[in-house]
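Here the structure is laid out as structure tokens; the discussion comes afterwards.
The values are calculated or read from the model by the stated rules, or taken from the named source; none is laboratory data. Only a predicted model underlies this, so the values are computations on that prediction, with no experimental measurement involved. Because the Cβ atoms are built from the backbone with ideal geometry, glycine has one as well, and the counts that use them run over all protein chains shown.
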Amino acid sequence: MTKQLILDNVTVQFGGLKAVDGVSTAIAMGERRAIIGPNGAGKTTLFNAITGVVMATAGKVVFEGEDVTRSPVHARAAKGMSRTFQITNLFPNLSVRDNMRLAIRGLSKAKFSLLGRPELAAADDAEAERALGLSRLVGRSDTLVKELSYGEQRQLEMAMALVARPRILLLDEPAAGLSPAERVIVADIIRSLPRDLTMIIIEHDMDLALGLVDWVTVLNNGHLLVEAAPADIRGNKDVQDVYLGKARRHA
Ligand SMILES: Nc1ncnc2c1ncn2[C@@H]1O[C@H](COP(=O)(O)OP(=O)(O)O)[C@@H](O)[C@H]1O
Ligand SMILES: [Mg+2]
């Protein structure tokens, strides 16, 4: 299988802290990968190093054959990397449609204009409807974001990440803070996204994560602890020690 994303000894150091410490892995075209691990394991920082929000202080990030370790966020986005953030990142007083337009314009030079030429707006709105459909928000374009449920807001963030027609989608805790019923919806959305779209999902909830992916990477203290198939994660002694052990202590 062709490797789409290769991480070679990726390290991110903040002062004296190595938040990500020598992580190497490779993700195949079309693969669905979970990254799990206790709080503070370095999961979000690894996403940041992949997408360019922070730069790796050592190691290499290779995307589709190109070394992007030092490329800025927009250059990696232009190559097809798209992500959602752990913390919601929406404009609450704008409608769903306007948030979608901003997401689309964010990809182009007309980024700060909600006005512009009407025929462009029509094309944008068609693309927005496509992405809203994938995220099960059809018919919600006129709703103000602050009137959406929290679950719908997370769905909107996925829709905003999908307008770029990404080649790889990185989801940072897409179900964080959701009710069990809302989690089911998010899981269904993720399952029904195009199968050729590569996905990396950070998820704290193991039940959710293991049901969505082909392969699992476990981080602990910035290190890659284990990589295994979902079926082999729960029974893994190292995973039980760091992940379940900590989860129990913190519960
Ligand atoms: N910008 C930053 N500056 C300093 N320390 C950071 C920064 N971002 C994350 N950290 C630290 O790096 C470690 C890993 O954080 P993070 O990647 O957010 O973990 P996770 O997403 O697995 O919970 C934590 O100890 C966190 O406090
Ligand atoms: Mg995180």
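Using the structure shown, decide if F85 is touching a residue at least 60 places away in the same chain (Cβ under 8 Å) and either closer than 11 Å to V10 by Cβ or touching a Leu at 6+ places or on another chain (Cβ under 6 Å) (or both). Lay out the reasoning, then the answer.
Numbers: touching a residue at least 60 places away in the same chain (Cβ under 8 Å): yes; either closer than 11 Å to V10 by Cβ or touching a Leu at 6+ places or on another chain (Cβ under 6 Å) (or both): no.
So F85 fails the test.
I'd like the full set of residues that are in a helix (DSSP H, G or I) and buried (at least 21 other Cβ atoms within 10 Å of the Cβ), limited to region 162-186.
Initially, region 162-186 is screened for residues in a helix (DSSP H, G or I), giving 162, 180-186.
L162, V186, listed by residue number.
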Pick from region 209-243, criterion within 16 Å of ligand 1 (Cβ to nearest atom) and free of Cβ contacts under 8 Å to residues at least 40 places away in the same chain, ranking: nearest to A161 (Cα to Cα): V226
Quick one: Q155 ticks every box in (1) out of contact with any Asp or Glu (no Cβ under 8 Å at 6 or more places or on another chain); (2) crowded, with 21+ Cβ neighbours inside 10 Å; (3) of a type outside the set (K, R); (4) closer than 22 Å to R76 by Cα bar one, so which box is it? (4)
Residues that are in a loop (DSSP other than H, G, I, E, B), closer than 22 Å to A175 by Cα and at pLDDT 95 or above, drawn from region 20-39: G30, E31
Residue count for region 161-190, restricted to those that are in contact with a Ser or Thr (Cβ under 8 Å, 6 or more places away or on another chain) and within 22 Å of L94 (Cα to Cα): 4
